[in-house]
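The values are calculated or read from the model by the stated rules, or taken from the named source; none is laboratory data. Keep in mind it's a predicted model, so treat the numbers as computed, not measured. The protein model used for the area step is the full one, side chains on, heavy atoms only, and it has no ligands, DNA or RNA in it. Shrake-Rupley method; radii C 1.70, N 1.55, O 1.52, S 1.80 Å.
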Amino acid sequence: MSRIAYVNGIFMPQDHAMVKMEDRGYQFGDGAYEVIYFKDLHLVDSIPHIERLYKSLSAIKIQLDISTQAMILKIKELIRQNKYTEGFVYLQVTRGISPRDHVYPEGLKPVLTMSVRKITYQHHSGVDVFTEPDLRWQRNDVKSIALLGNVLAKNAAAQQKGFEAWLVDKDGYITEASAANAWIVDKNKTVITTPISNQILCGITRQRLLKIMNDNGIKYQERKFTETETREASEAFLTSSTKAVVPVCKINGKKIGTGEPGPIVKQLQNLYLKFVDTASN
Ligand code: PLP
């Protein structure tokens, strides 16, 4: 059976779902997106995800007239029609359809599409990452559908059999991964992650994990760190909605700590998965 997709108000078999040639998302990457994990029909952190979508849309001046609650109902209906119990929903909003021109006409009607994928969190016993220059634009806080910099970096890492690319800015600091936030744990057991700015996406998993750390008395700092600090760290990991908490055991072929997932990342993995199991919105 084909998956069911949602295209501008209509649920239909994904094999038949189409977007127009002159959709500005297709021609310019002119739009924003979100990815929300669900388990046992519960959406994980749906409100912050939808709020971030509206924030991204507002930053690029796209106005979508659908309330958060109406959006949640549509997402739940899509999940119900697909009969999946665990996976993620991909939501995309583009500026609309008009003859190709960099200047967009006023009053375009945004195009909202949604699809679902069935996945379960993989247990990663530790992954390798490779650094790549961060060649992206200067508004990485916007979850833009234009992801060429991320795509090229992740493929460069994949060609070396890496799981992810950790992106390095012009001053030598790690900003984030191509599709996740980046973290290290120093020798004093302090968890460190890059502070929020327009250089990175403010990950919903990141924010949730900071709260979990607060609640569990785990020390953390939001500050910049380099590749050398990562190599000298005792642990490292990455976070995203589709991957949860993934231990990183090697960077550019060099072991981090013992080269095995450490106690703090294991604790954070467990705490986050426990949160997912009890999330109910
Ligand atoms: N940073 C980038 C560039 C991403 O693409 C993602 C997720 O796709 C993240 C961070 C993590 O964000 P979240 O935890 O909201 O999934």
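Structural remarks
- Here Lys20 is the anchor, and the lysines within straight C-alpha reach of less than 27 Å, apart from those fewer than 8 places off in the same chain, are Lys55, Lys61, Lys74, Lys76, Lys109, Lys118, Lys143.
- Relative contact order %, region 78-194, counting alpha carbon pairs below 8 Å whose residues are six or more apart: 18 percent
- Within the accessible area of region 4-117 (1.4 Å probe), percent carbon and sulfur: 55 percent
- Solvent-accessible ranking of Lys143, Lys254, Lys109, Lys154, largest area first, probe 1.4 Å: Lys109, Lys254, Lys154, Lys143
- Rounded to whole Hz, the Karplus (6.51, -1.76, 1.60) HN-Hα couplings of region 112-125, x for glycine and proline: 9, 10, 9, 9, 10, 10, 8, 8, 10, 4, 7, 8, 9, 8
- Averaging Cα coordinates gives a centre for region 73-98 and one for region 252-281; these two points are 28 Å apart.
- Sequence of Glu22, Glu132, Glu260 when ordered by accessible area, the most exposed leading, probe 1.4 angstrom: Glu260, Glu22, Glu132
- Acute angle (nearest 10 degrees) that the helix 68-82 long axis makes with the longest principal axis of the chain, alpha-carbon atoms: 90 degrees
- Within straight-line cross-link reach of Lys255, lysines at Cα separation under 28 Å, skipping those fewer than 8 residues along the same chain: Lys154, Lys161, Lys170, Lys187, Lys189, Lys219, Lys224, Lys243, Lys266
- Accessible area of the chain divided out per residue, in Å², using a probe of 1.4 angstrom: 50 Å²
- Rounded to the nearest 10 Å², the accessible area of Arg95 at probe 1.4 Å: 20 Å²
- Angle between the chain longest axis and helix 46-59 axis [Cα atoms, degrees, rounded to 10]: 70 degrees
- Per atom type, region 144-281 shows carbon and sulfur on 51% of its accessible surface, probed at 1.4 Å.
- Heavy atoms of Lys219 accessible to a 1.4 Å probe, total area in Å² rounded to 10: 110 Å²
- Tilt relative to the chain, helix 263-278 - C-alpha long axis, 0 to 90 degrees, to 10: 30 degrees
- The chain gives an Rg/Rh value of 0.98, both radii derived from C-alpha positions and Rh following Kirkwood.
- The sum of -39500 (n - 2.57) across all DSSP H runs of n ≥ 4, divided by the residue count of the chain, sets its helix-only mean residue ellipticity at 222 nm to -8500 deg cm²/dmol.
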